[in-house]
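Following: one structure in structure tokens, then a few remarks.
Derivation of every value follows stated rules applied to the coordinates shown; laboratory data play no part. The model shown is predicted, which means the values in this text are computed figures rather than measured ones. Cβ coordinates were reconstructed from backbone atoms using ideal geometry, including for glycine residues, and neighbour counts include every protein chain displayed.
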Amino acid sequence: MESSYKKRMQRKKAYIDSRIEAANIDKGIVVLLTGNGKGKSSSAMGMICRSLGYDMKVGIVRFLKGEQVTGEDIFLDNHENVYTVIMETGFTWDTQDQELDKRKAVEAWVEAEKLLSNPDFKLVVLDEITYMINYKYLEEKSILKALTNRPENQHVVITGRAASESLIEVADTVSEIIDIKHAFRANIKAQKGLDL
Ligand code: ATP
Ligand code: MG
């Protein structure tokens, strides 16, 4: 009994070791976090912390939450290795001005493009950019192009629901967070420190 367990574990270890050895490519990756469940932007924040831990320079562009400042933006404000751009508008249902939303989206994208061509930035977060593509505020083609042509060792984290097929294709790692339950549906309002 024990020896068959041991054999199984040895086989498992040999397999894992061989996979680790095979994974010898070192390059910037695109992580895409999509789906309706909670945890996309906050997961991006986890990777921001990891990068900052290694003194890496981080660029963050937030495409949706113009009005709502989050705890992480307050925390990272004035951090020497963080450059944050926040799209300066609420969104459609707040502003009810599509042209203004579009203009602001394009302005934020111009900043994102600068980050995506600057090798000093080791991590670039494009928070909620999927909506900009889905609403056709930004051209998907130019986003895909900037991702493809970015510096070789730059990581990118993209968040937002309903990611397009092309974004999924261009990303190296894609996770979909499923909404099983959310406190908001039990009338619990967004909580500081957890939701914002
Ligand atoms: P978080 O920033 O908490 O990681 P997220 O980025 O996955 O969330 P978004 O769609 O960007 O999700 O929504 C941001 C805000 O909406 C957060 O306050 C979050 O808690 C809340 N939220 C996320 N998913 C849901 C949901 N399925 N139902 C209700 N509220 C949600
Ligand atoms: Mg989010």
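Across the chain, the mean sequence separation of Cα contacts (distance under 8 Å, 6 or more residues apart), normalised by length, yields a relative contact order of 34 percent.
Looking at the stretch 1-93, which GluC sites (Glu not before Pro) are in a loop (DSSP not H, G, I, E or B) and have at most 10 other Cβ atoms within 10 Å? Counting only loop positions with at most 10 other Cβ atoms within 10 Å, the GluC sites (Glu not before Pro) in the stretch 1-93 are Glu80.
The phi torsions of the stretch 18-33, fed into the Karplus equation with coefficients 6.51, -1.76 and 1.60 and a -60° offset, translate into couplings of 5, 5, 5, 5, 5, 7, 10, 8, 10, 7, x, 10, 9, 9, 10, 10 Hz, rounded to whole numbers, with Gly and Pro shown as x.
Rounded to the nearest Å, what's the spacing between the alpha carbon centres of the stretch 1-44 and the stretch 125-196? Just the number, please. The distance from the Cα centre of the stretch 1-44 to that of the stretch 125-196 comes to 22 Å. Taking amide H as placed 1.01 Å from N in the peptide plane, the amide H of Val124 sits under 5 Å from that of Gly59, His155, Val156, Val157, each at least 5 places away or on another chain.
Please list, by residue number, every one of the chymotrypsin sites (Phe, Trp or Tyr not before Pro) in the stretch 105-196 that is coil in DSSP and has at most 14 other beta-carbon atoms within 10 Å.
Details: sites: Trp109, Phe121, Tyr131, Tyr135, Tyr137, Phe184; in loops: Tyr135, Tyr137.
Answer by residue number: Tyr135.
Specify whether the C-alpha gyration tensor of the stretch 28-186 places it in the rounded, prolate or oblate class, a ≥ b ≥ c being the square roots of the eigenvalues: rounded for a/c under 1.5, otherwise prolate if a/b is larger than b/c and oblate if not. Rounded is the answer for the stretch 28-186, as its axis ratio a/c remains below 1.5.
Which shape class, rounded, prolate or oblate, goes with the stretch 102-196 when its Cα gyration tensor gives a ≥ b ≥ c as root eigenvalues, a/c under 1.5 marks rounded, and past that a/b bigger than b/c marks prolate? The shape class here is prolate.
A DSSP coil position with no more than 10 other Cβ atoms inside 10 Å describes the following GluC sites (Glu not before Pro) in the stretch 93-196: Glu152.
Quick check on the stretch 148-196: take the gyration tensor over C-alpha atoms, sort the square-rooted eigenvalues as a ≥ b ≥ c, and tell me if it's rounded (a/c under 1.5), prolate or oblate.
Numbers: a/c = 3.99, a/b = 2.12, b/c = 1.88.
Judged from the Cα gyration tensor, the stretch 148-196 comes out prolate (a/c at least 1.5, a/b above b/c).
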